[in-house]
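The structure appears right after this line, and notes come after that.
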Amino acid sequence: MSTQETRTRIVWDYAPAPESPDHVRLRDSYGLFVNGEFADPKDGTRVPSISPSTEEPVAEVAFAGPEDVRGAIAAARAAQPGWAALSGLERGKYLFRVARLIQERAREMAVVESMDGGKPIRESRDVDVPLAAAHFFHYAGWADKLSYGLAGREAAPLGVAAQIVPWNFPLLMAAWKLAPALACGNTAVLKPAETTPLSALLLAEICQEAELPPGVVQVLPGDGATGAALVRADGIDKVAFTGSTAVGKDIQAALAGTGTSLTLELGGKSANVVFEDAALDQAVEGIVNGIFFNQGHVCCAGSRLLIQESVADVVIGKLWERMGRLRVGDPLDKNTDVGAINSAEQLERIEALVAAGEEEGALRRTVACELPERGWWFAPTIFTEVAPAHRIAVEEIFGPVVSVMTFRTQAEAIEKANNSTYGLAAGIWTDKGSKAFEVASALEAGVVWQNTYNKFDPTAAFGGYKESGFGREGGPAGLRPYVRLS
Ligand code: NDP
């Protein structure tokens with residue numbers, strides 16, 4: 001059975017409050033950032049980067065071919081001994097400078113991130129950009145204290161790091177990867193995602209402004225073929241990847257037996273568990289933040305909502321009412337809660353899984369809201385009457401779609417939460433501290449939030465178990481993947 005209900009008829013009129021893009025200093029065309037300079041691709045191409053909210057090109061970008069990849073690795077390799085030979089204090093000063101420059105250009109970077117990727121300006125302005133700066137600040141602080149972060153052991157850098165990031169948090173993921181790598185004395189070749197290369201290219205400009213020694217950071221926009229060439233190229237000592245589990249497995253297979261160090265931050269199907277004793281209004285806000293933040297394009301999204309049966313109707317009622325008030329539309333409007341879906345391909349994937357949910361018998365409700373004519377959009381959606389075997393309960397939808405299941409006892413909640421091939425994150429909503437700790441210890445998840453969700457902090461480790469990958473980013477634990485301990 002499936003239905004589509006109308007939006008709650010409480011009308012909130014907001015005057016549009018668009019952030020102007022006039023102050024943005026984008027070039028018409030960007031080259032590859034290699035050895036401290038923007039250069040034409042040798043065997044690559046140039047393609048436009050399209051805004052998912054307008055379907056208009058934002059800027060043209062060079063895509064790297066295999067020769068470009070080899071050139072970038074050579075530049076990183078040549079620069080690495082000199083970078084590692086600097087004292088930690090000196091490396092830290094460069095990272096501080098990068099962090100300060102991100103702050104100085106924060107407004108511009110937020111607008112570019114929203115234009116290129118479709119996320120609401122409120123999120124890029126208040127989350128992505130400040131957190132990216134915070135990561136550079138945090139690892140700037142570690143650069144001269146590495147042994148304190150590594151249980152007193154002496155550390156040597158691994159060498160050249162190949163870093164591949166996805167399209168859901170383009171700048172933030174670049175910061176998560178570059179900051180610890182550089183703090184530890186590695187040099188890097190960063191490949192942003194095909195649909196969202198622009199903020200990484202602004203970060204390359206910032207590296208220039210910070211007078212980072214040439215070759216310490218390379219930025220190579222490209223598609224999956226560029227990523228595949230990068231991880232297979234000679235001269236790489238470490239690969240750090242964030243993206244889908246399928247590509248993560250492919251990279252792991254390609255690197256098997258090569259001795260190249262690898263960390264993988266992959267997908268998730270995270271459980272957000274609401275107990276009957278929770279503060280329910282607060283939980284509803286957490287559920288909304290857990291699944292509709294960044295259109296649900298979040299690896300740790302709380303996409304499996306587990307509610308204790310005694311309060312399920314109340315929570316679902318409150319949630320549905322709250323969903324009706326979410327404003328979907330122009331990412332540059334400061335009122336917008338849910339922006340554009342990142343690409344036509346991603347929209348297709350969401351639609352296919354939602355159709356599967358309906359076919360398998362779950363009950364679908366999608367808020368009825370006006371969506372812009374151009375661009376790629378998906379209105380917030382809730383599925384109830386979901387069975388654990390349904391595809392929407394098992395597979396990562398990576399969109400604004402929550403699948404609700406219920407449980408009766410704490411043991412059942414734990415069993416259902418752990419019934420996943422993934423193990424990235426989880427949320428627990430309860431008034432009882434002892435219950436929260438007991439459940440958190442039993443959950444197979446790298447990050448467990450209590451009475452909150454999607455809180456990120458540079459001092460805290462983030463990463464998964466099972467098919468969500470291995471290795472940690474953030475905090476002192478984030479130094480470990482970039483060093484050889486003696
Ligand atoms: P991918 O895993 O394909 O993309 C992640 C990054 O890897 C991108 O930079 C991509 O480049 C690059 N890449 C693609 N193929 C290869 C390869 N063979 N070798 C090396 N690098 C490669 O994610 P998709 O964009 O295809 O999204 C598919 C699904 O993955 C989503 O629906 C979502 O479920 C999940 N996903 C999970 C993310 C997470 O944070 N856990 C992030 C993104 C997606 P390019 O962009 O050019 O393809």
Using θ = phi - 60° and the Karplus form 6.51 cos²θ - 1.76 cosθ + 1.60, what ³J(HN,Hα) does each residue of region 464-476 get, whole Hz, x for Gly and Pro? x, 10, 6, 6, 8, x, 8, x, 10, 10, x, x, x
Using a Förster distance of 51 Å, the FRET efficiency for Asp277-Glu373 (Cβ separation, nearest 0.05): 0.65
Residue separation between Glu385 and Ala151 times 0.36 nm, minus their alpha-carbon distance, gives in nm 79.4 nm
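What is the calculated FRET efficiency for Asp223 to Arg325, with r their C-beta to C-beta distance and R₀ = 25 Å, to the nearest 0.05? Mind showing how you got there, number by number?
Details: r = 38 Å, r/R0 = 1.52.
My answer for the efficiency is 0.05.
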Counting sequence-distant residues (5 or more places) and residues on other chains, those with an amide H built under 5 Å from that of Asn35 are Gly215
Once each part is reduced to its C-alpha centroid, what is the distance from region 225-304 to region 37-61 in angstrom? 26
Carbon/sulfur fraction of accessible area - region 65-154, other protein chains in place, 1.4 Å, %: 57
At the level of C-alpha centres, the distance separating region 91-108 and region 311-347, in angstrom, is 32
Among Leu101, Pro197, Leu86 - extreme Cα towards positive end, dipole of region 73-200, charges at beta-carbon: Leu86
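For every other residue with a beta carbon closer than 14 angstrom to the beta carbon of Glu309, add +1 if it is Lys or Arg and -1 if Asp or Glu, then tell me the sum. Intermediate results must be reported in sequence, preceding the final value.
Working: positive: Arg408, Lys416; negative: Glu276, Asp277, Asp313, Glu385, Glu412.
Result for the local shell: -3.
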At a probe size of 1.4 Å, how large is the accessible area of Asp313, to the nearest 10 Å²? 130
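With +1 on each Lys and Arg Cβ and -1 on each Asp and Glu Cβ, how big is the dipole of the chain about its Cα centre, in debye rounded to the nearest 20? The partial results should precede the final answer.
Numbers: 45 positive and 61 negative charges, 265 e Å.
Roughly 1280 debye, rounded to the nearest 20.
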I'd like to compare 383-393, 126-136, 163-173: which one has the highest average count of other Cβ atoms within 10 Å, and what's the full order after that? 163-173, 126-136, 383-393
How far apart, in nanometres, would the label points at Glu415 and Thr258 be if each is projected 7 angstrom from Cα along the Cα-to-Cβ direction? 4.3
Given a Förster distance of 41 Å, the FRET efficiency implied by the Cβ-Cβ spacing of Thr452 and Lys93, rounded to the nearest 0.05, works out to 0.75
Selected from Thr226, Leu353, Ala134, residue furthest toward positive end of dipole (the chain; charges at beta carbon): Ala134
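Mind running the shape call on region 98-160? Use the C-alpha gyration tensor, a ≥ b ≥ c as the square roots of the eigenvalues: rounded below 1.5 for a/c, prolate if a/b tops b/c, oblate otherwise. Intermediate values should be presented prior to the final figure.
Values: a/c = 3.12, a/b = 2.74, b/c = 1.14.
The shape class here is prolate.
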Measuring with a 1.4 Å probe in the full set of protein chains, what accessible area per residue, in whole Å², belongs to the chain? 38
Please compute the net charge surrounding Leu266, taking Lys and Arg as +1 and Asp and Glu as -1 over other residues with Cβ under 10 Å from its Cβ. -1
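Roughly what % of DSSP beta bridges within the chain run antiparallel, to the nearest 5? All intermediate terms of the calculation are to be shown ahead of the outcome.
Values: 23 of 63 bridges.
Within the chain, antiparallel bridges account for around 35 percent of the total.
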Place a point 7 Å from the Cα of Glu56 in the direction of its beta carbon; the residues of region 311-337 whose amide N falls under 18 Å from it are 329-334
Determine the order of Phe407, Phe38 by accessible area, beginning with the largest, at a probe radius of 1.4 Å. Phe38, Phe407
Counting Lys +1, Arg +1, Asp -1, Glu -1, what net charge surrounds Gln163 among other residues with beta carbon under 9 Å of its beta carbon? +3
Long-range HN-HN contacts of Gln450 with modeled amide H, under 5 Å: Ile428
Helix 433-442: angle to the longest alpha-carbon principal axis of the chain, degrees 0 to 90, nearest 10? 60
Mind grabbing the accessible area of Phe462 for me, 1.4 Å probe, Å², rounded to tens? 10
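Taking all protein chains in place and a 1.4 Å probe, what share, in percent, of the accessible surface of region 272-316 do carbon and sulfur account for? Write out the running numbers ahead of the final one.
On the way: 550 of 1110 Å².
The computed percentage sits at 50.
My understanding is that a pair violates if its Cα-Cα distance is over 25 Å; which of Lys177/Lys249; Lys145/Lys177; Lys93/Lys177; Lys269/Lys334; Lys93/Lys455; Lys334/Lys432 do that in this structure?
Values: Lys177/Lys249 19 Å; Lys145/Lys177 19 Å; Lys93/Lys177 18 Å; Lys269/Lys334 29 Å; Lys93/Lys455 28 Å; Lys334/Lys432 36 Å.
Beyond 25 Å between Cα atoms: Lys269/Lys334; Lys93/Lys455; Lys334/Lys432.
The values are calculated or read from the model by the stated rules, or taken from the named source; none is laboratory data. Just so it is clear, the model here is predicted, and its values are computed rather than measured. All Cβ positions, even for glycine, are placed from backbone atoms using ideal geometry, and neighbour counts span all protein chains on display. Only protein heavy atoms, including side chains, enter the accessible area calculation; ligands, DNA and RNA are left aside. Shrake-Rupley method; radii C 1.70, N 1.55, O 1.52, S 1.80 Å.
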